[in-house]
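The values are calculated or read from the model by the stated rules, or taken from the named source; none is laboratory data. These figures come from a predicted structure and were not determined experimentally. Cβ atoms come from the backbone with ideal geometry, glycine included; neighbour counts cover every protein chain shown. Only protein heavy atoms, including side chains, enter the accessible area calculation; ligands, DNA and RNA are left aside. Shrake-Rupley method; radii C 1.70, N 1.55, O 1.52, S 1.80 Å.
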Amino acid sequence: MKADFELIKNITCGAVEIIDNDGVYEFHRMTALQREILKDNQDFGTKATATSGIRLSFATDAKVIRLSGRFSAASTRKFAFFDVKINGILIQHSGTENHPEKPDFDFTIPLDGNFNKVEIYFPCLAKTVLSALEFSDNCRIEALKRSRKMLAYGDSITQGYDAIHPSFAYANMIADGFDAEIFNKAIGAEIFNPPFADAPDDFKPDLITVAYGTNDWKKEVSAENITKNATAFLINLNKHYPGTPIYAILPIWRKDMEDTHASGKLTDAIELLKAVYRQFDNVRVIEGMPLVPHLPEFYADAYLHPNDSGFLLYGNNLLKAMRSK
């Protein structure tokens, strides 16, 4: 049985829009207005097409599921993988190390015919379109809905750089821990962008995470501009989502953090952010430095972006910190 557009819409989480292009389904985590804002920067516009945070979530007694479609570039990364969890257990990892060379995917998920909970996590750093989702005949399919909705704002690390397993990306781990449907608004290399926070989604989230700062510091934005942009960003979020808990995640360790830029060292930029966050009663500050070991082997590039091991620690430690607030 081939899933139709209505079924795919019903079982998709984390997408604000799904476009049906003659049976080829395109998933968007950004609203049309958010995409328009990001188009001012060609690189950001491309990254906005990545399927970070998007997943299929349903229960079924099917004995086999088949997915086919195509990957395309939404970052400089060439890998693109799906993760499949059955009843909360990761049982399959399917995709490619090099989607420019192997853009097409076609794989099956074997099941036992019991009524299983299935979650299929889409790649974080590639654009993913689906041309077919098929189930064995005469099976039941029920959408799984989360009890909360979550917005995640941030830069490359929040988007998922460089988690090979998308279910290990910290934002997905936090969403799982809070039983939340995540709408990932993060863009690699982004800084606090007040107009972007002034382009709301059409729902009120139960929680919001905000994780900027490392690029604001590195891009030699002045101390005054960091304070100005971060303050305006938080004001805009509170205008559209008044009273919603905002977890402000401070930058994690990076190998070059002792370098000096316009705002000083990274620790100086962190102090600027703390001062901004203290102005807002609904902002709960999370220290970033304890979340990931200060060792290059926990980073895919040995200095900035966590690898799978780093992300697993990041997600678990962050979940504990958020629950304690």
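Tell me the net charge near Tyr247. Cut-off is 11 Å between Cβ atoms, Tyr247 excluded, with +1 for each Lys or Arg and -1 for each Asp or Glu.
Result for the local shell: +3.
Based on the Cα gyration tensor of segment 72-226, what are the three equivalent ellipsoid semi-axes, each the root of five times an eigenvalue, rounded to whole Å and given largest first?
Semi-axes, largest first: 32, 20, 13 Å.
Sequence gap at least 6, Cα distance under 8 Å: using those rules, report the relative contact order of segment 119-257 to the nearest whole percent.
25
Of the heavy-atom accessible surface of the chain (probe 1.4 angstrom), what whole percent is carbon and sulfur?
Carbon and sulfur atoms account for 50 percent of the accessible area of the chain.
Using only alpha carbon pairs under 8 Å that are at least six residues apart, calculate the relative contact order of segment 229-325 and give it in whole percent.
29 percent.
Once you have the Kirkwood Rh of segment 192-325 from its Cα pairs, apply Stokes-Einstein at 37 °C and 0.692 mPa s and quote D in µm²/s.
Here the translational diffusion coefficient equals 212 µm²/s.
Which value in nm describes the separation of the simple spin-label points at Phe203 and Ser94, placed 7 Å from the Cα toward the beta carbon?
The modelled label-to-label distance comes out at 2.6 nm.
Keeping all protein chains in place, calculate the accessible area per residue for segment 1-119 (probe 1.4 angstrom), answer in Å².
Here the per-residue accessible area is 46 Å².
Counting pairs on different chains as well as pairs 8 or more places apart, how many Lys pairs in segment 24-147 have Cα atoms under 12 Å apart?
Taking the Cα cut-off of 12 Å, the pair count is 6.
Once R0 is set to 22 Å, what does the formula 1/(1 + (r/R0)^6) return for the Cβ-Cβ distance between Phe115 and Ala32, expressed as a FRET efficiency to the nearest 0.05?
Once rounded, the FRET efficiency stands at 0.05.
Using a 1.4 Å probe, what is the accessible area per residue for segment 191-325, in Å²?
Dividing the accessible area of segment 191-325 by its residue count gives 43 Å².
By how many nm would the segment from Lys255 to Ala302 grow when fully extended, if each residue of separation counts as 0.36 nm and the alpha-carbon distance is taken off?
16.1 nm
Remind me, relative contact order of the chain in percent, using alpha carbon pairs under 8 angstrom and six or more residues apart?
16
Run the dipole for segment 164-243 about the Cα centre, Lys and Arg Cβ at +1, Asp and Glu Cβ at -1, nothing else charged, and hand back the magnitude in debye, nearest 20.
That gives a dipole near 260 debye.
Quick check on the chain: helices-only [θ] at 222 nm, where DSSP H runs of length 4 and up contribute -39,500 (n - 2.57) each and the sum goes over total residues. Nearest 500, please.
Calculated at 222 nm, the ellipticity per residue is -7500 deg cm²/dmol.
Of the trypsin sites (Lys or Arg not before Pro) in segment 19-114, which ones lie in a loop per DSSP and count no more than 12 other C-beta atoms within 10 Å?
Loop-located and lightly packed - Lys39.
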